[in-house]
Amino acid sequence: LVAGDALSGELSRATGENVGTYAITQGTLTNENNPNYDITFVEGTFTIEKAEIEIPSVASKVYTGETLVADINSTAIYEVTTNNGGKEVGTYPVVLTITDNNYKWSNGSITSVEIEFEITQAQAEIGEVELPEWSYGSTENEFSTNASFGNVIYTYSTSIDGEYTSTKPTNAVT
């Protein structure tokens, strides 16, 4: 360009805001709008790439004996397509599938990603076992205790190395 001159007109591109390739065209930057110059224009392209989304993590849960699932919800970008969880201690798959084509996972996956949901062991604590005094010939007393998880089940034996059963003894012994 000659010093002090400016070209008149603007380039234009195909409309669109989603992932894709758009043509850049000459628009109004033409010879007609710039009679002092012979403009040679070479069409170009403008590309919008997929944005990366971080793969979320899910918190583990402690075993309860009930079916547990990961605490994760679908968003405007992805859907939770598998989240069946389980009842036992272990790991379970959670599958997230992208629903907005303008995104991809940060690991490069374009559609789905699998994360792990874990059920961890519960800590069971049993309190001190109490057995009120029991005299020979009287009705057997009940054991009592408390447990932080589940129910305490008592078994009994008539000797130190004997067989254990759920049958309560009927005689007091030392």
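The values are calculated or read from the model by the stated rules, or taken from the named source; none is laboratory data. All values reported here derive from a predicted model rather than from experimental measurement. Cβ: placed from backbone, ideal geometry, glycine included. Neighbour counts: every protein chain shown. In case anyone asks, the SASA skips ligands and DNA or RNA and just uses the protein heavy atoms, side chains included. Shrake-Rupley method; radii C 1.70, N 1.55, O 1.52, S 1.80 Å.
Data table
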item	result
Matching residues, region 74-99, being farther than 30 Å from Ile153 by Cβ and either hydroxyl-bearing (Ser, Thr, Tyr) or out of contact with any strand residue (DSSP E or B) (no Cβ under 8 Å at 6 or more places or on another chain) (or both)	Ser74, Thr75, Ala76, Tyr78, Thr81, Thr82, Thr97, Thr99
Cβ pairs under 9 Å, 6+ apart, first in region 58-81 and closer than 15 Å to Asp100 by Cα, second open to solvent by 70 Å² or more (accessible area, probe 1.4 Å) and not hydroxyl-bearing (Ser, Thr, Tyr)	Val80/Asn73
Of residues in region 61-73 being of a type in the set (Ser, Thr, Tyr) and exposed (fewer than 13 other Cβ atoms within 10 Å of the Cβ), the one nearest to Ala124 (Cα to Cα)	Thr64
Some residue of region 4-20 being of a type in the set (Val, Ile, Thr) and within 30 Å of Gln121 (Cα to Cα)	no
Single residue of region 12-42 satisfying the filter (touching a strand residue (DSSP E or B) at 6+ places or on another chain (Cβ under 6 Å) and in a loop (DSSP other than H, G, I, E, B)) that is least open to solvent (accessible area, probe 1.4 Å)	Gly16
Single residue of Thr158, Thr97 found to be closer than 30 Å to Asn18 by Cβ and of a type in the set (S, T, N, Q)	Thr97
